[in-house]
Amino acid sequence: MRLIDSHAHLDDRAYAKDRAAIIARAFADGIGIVTIGTNLESSREAVRLAGRHRTVWATVGVHPHDAKEVDDGVLDALERLAARDGVVAIGEIGLDYYRDLSPRSVQRQVFEAQLDLAKRVDLPVCLHNRESTDDLVAILRVAGPKHRGVVHSFLGDGALAAVFLDLGFHLGIGGPITYPKNEILREAVRGVPLDRLLIETDCPYLTPVPYRGRRNEPSYVRYVVETVAELHGIDVEELARTTTGNAIRLFDLAV
């Protein structure tokens, strides 16, 4: 069974002692990985990892938490990185009004700037949205229909899923779909067309059942696949083929 973990953080310090083993285990399990940039240094490391491993691809971007650190120099550096081999998207970008680690006005400005960057380099985007839906959607609507990408770690209900689907985005589904109390999310995912679903771990975070509470890793994406397949009433292999194909097409992956 071949799978794509469409959102992982392989550069995270949680993997400092065994990063190579984690990637090797995923490779042995038939899992390709999109590793996500969250600031300039993280993006550089994502590109380095993609250059070293043929089943790892990179995104480059600045997370809203770090938006206050972005200036023209950072944006120029991201644009240069975006041209490197193995870079398949701009992200993780968006808004986060839960922690507010950067001023909201700055988050919006940096989000808009990175959407413009994605248009210039013709790459999809990986979106972060936490308690910021109204502003995020408003910015996407103003930005126009040329954007494509994925709403990473989608945790909303069916109505919110419909909003993002109408905007043309895929939905990234991760470990929380396996949590017993997430029936609203499960009901939403039942209604998402199969060709708009991506599977992710967001590792080392959001570990699925049965490993919840431990460090997450790309190999655990199979538990997400099993749950989503059950929700749609289809065979696990069919969902694996479909979501892998979705990731290959969206990110134009060389596999």
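Looking at the stretch 98-110, can you tell me whether even one residue there is among the β-branched types (Val, Ile, Thr) and within 18 Å of Ala46 (Cα to Cα)?
Restricting attention to the stretch 98-110, the residues satisfying the condition of being among the β-branched types (Val, Ile, Thr) are 106, 110.
When the remaining residues are screened for being within 18 Å of Ala46 (Cα to Cα), the result is none.
Checked the stretch 98-110: no residue is among the β-branched types (Val, Ile, Thr) and within 18 Å of Ala46 (Cα to Cα).
Restricting attention to the stretch 24-46, which residues are crowded, with 24+ Cβ neighbours inside 10 Å and of a type in the set (A, V, I, L, M, F, W, C)?
Scanning the stretch 24-46 gives Ala26, Ile31, Ile33, Val34, Ile36, Ala46.
Please state which one of Arg241, Arg222 is under 22 Å from Phe27 (Cβ atoms) and in contact with a strand residue (DSSP E or B) (Cβ under 8 Å, 6 or more places away or on another chain). Show your work before the answer.
Numbers: Arg241 fails: in contact with a strand residue (DSSP E or B) (Cβ under 8 Å, 6 or more places away or on another chain).
Just a single option satisfies the conditions, and that option is Arg222.
Inside the stretch 182-255, counting only helices (runs of 4 or more DSSP H) that do not spill past its ends, which hold 3 or more residues that are among the acidic types (Asp, Glu) and out of contact with any helix residue (DSSP H, G or I) (no Cβ under 9 Å at 6 or more places or on another chain)?
none
Looking at Val121, is it surrounded by 19 or more Cβ atoms within 10 Å (Cβ to Cβ) and either among the aliphatic types (A, V, I, L, M) or on the phi < 0 side of the Ramachandran plot (or both)? First the steps, then the outcome.
Values: surrounded by 19 or more Cβ atoms within 10 Å (Cβ to Cβ): no; either among the aliphatic types (A, V, I, L, M) or on the phi < 0 side of the Ramachandran plot (or both): yes.
The answer is no for Val121.
Among the residues of the stretch 70-81, count how many are surrounded by fewer than 17 Cβ atoms within 10 Å (Cβ to Cβ) and without any contact (Cβ under 8 Å) to a residue 40 or more places away in the chain.
Qualifying residue count for the region: 6.
State all residues of the stretch 234-255 that are surrounded by fewer than 20 Cβ atoms within 10 Å (Cβ to Cβ) and touching a Lys or Arg at 6+ places or on another chain (Cβ under 9 Å); if no residue qualifies, say none.
Val236, Arg241, Ala254, Val255
Just give me the residues in the stretch 82-100 being surrounded by fewer than 16 Cβ atoms within 10 Å (Cβ to Cβ) and farther than 27 Å from Trp57 by Cβ, in sequence order.
Scanning the stretch 82-100 gives Tyr98, Arg99, Asp100.
If a residue has to be aliphatic (A, V, I, L, M) and in a strand (DSSP E or B) to count, how many in the stretch 46-75 make the cut?
Number satisfying all stated conditions: 3.
Can you spot a residue in the stretch 96-106 that is out of contact with any strand residue (DSSP E or B) (no Cβ under 8 Å at 6 or more places or on another chain), over 22 Å from Asp5 (Cα atoms) and basic (Lys, Arg)?
No - not one qualifying residue is present in the stretch 96-106.
Take the stretch 50-69 and flag every residue that is surrounded by fewer than 21 Cβ atoms within 10 Å (Cβ to Cβ) and at pLDDT 95 or above.
Gly51, Arg52, His53, Thr55, His65, Asp66, Lys68, Glu69
Yes or no: Pro193 at negative phi, buried (at least 20 other Cβ atoms within 10 Å of the Cβ) and in contact (Cβ under 8 Å) with a residue 24 or more places away in the chain?
Working: at negative phi: yes; buried (at least 20 other Cβ atoms within 10 Å of the Cβ): no; in contact (Cβ under 8 Å) with a residue 24 or more places away in the chain: yes.
The answer is no for Pro193.
Restrict the check to the stretch 230-246 and report whether at least one residue is modelled with pLDDT of 95 or more, of a type outside the set (Asp, Glu) and touching a Ser or Thr at 6+ places or on another chain (Cβ under 6 Å).
No, there is no match, as no residue in the stretch 230-246 is modelled with pLDDT of 95 or more, of a type outside the set (Asp, Glu) and touching a Ser or Thr at 6+ places or on another chain (Cβ under 6 Å).
From Pro218, Pro204, which residue is modelled with pLDDT of 95 or more, farther than 27 Å from Val163 by Cβ and touching a Cys at 6+ places or on another chain (Cβ under 9 Å)?
Pro218
The values are calculated or read from the model by the stated rules, or taken from the named source; none is laboratory data. Keep in mind the model is a prediction, meaning the values are calculated, not measured. Reconstructed Cβ throughout: ideal geometry from the backbone, glycine too, with neighbour counts over all protein chains shown.
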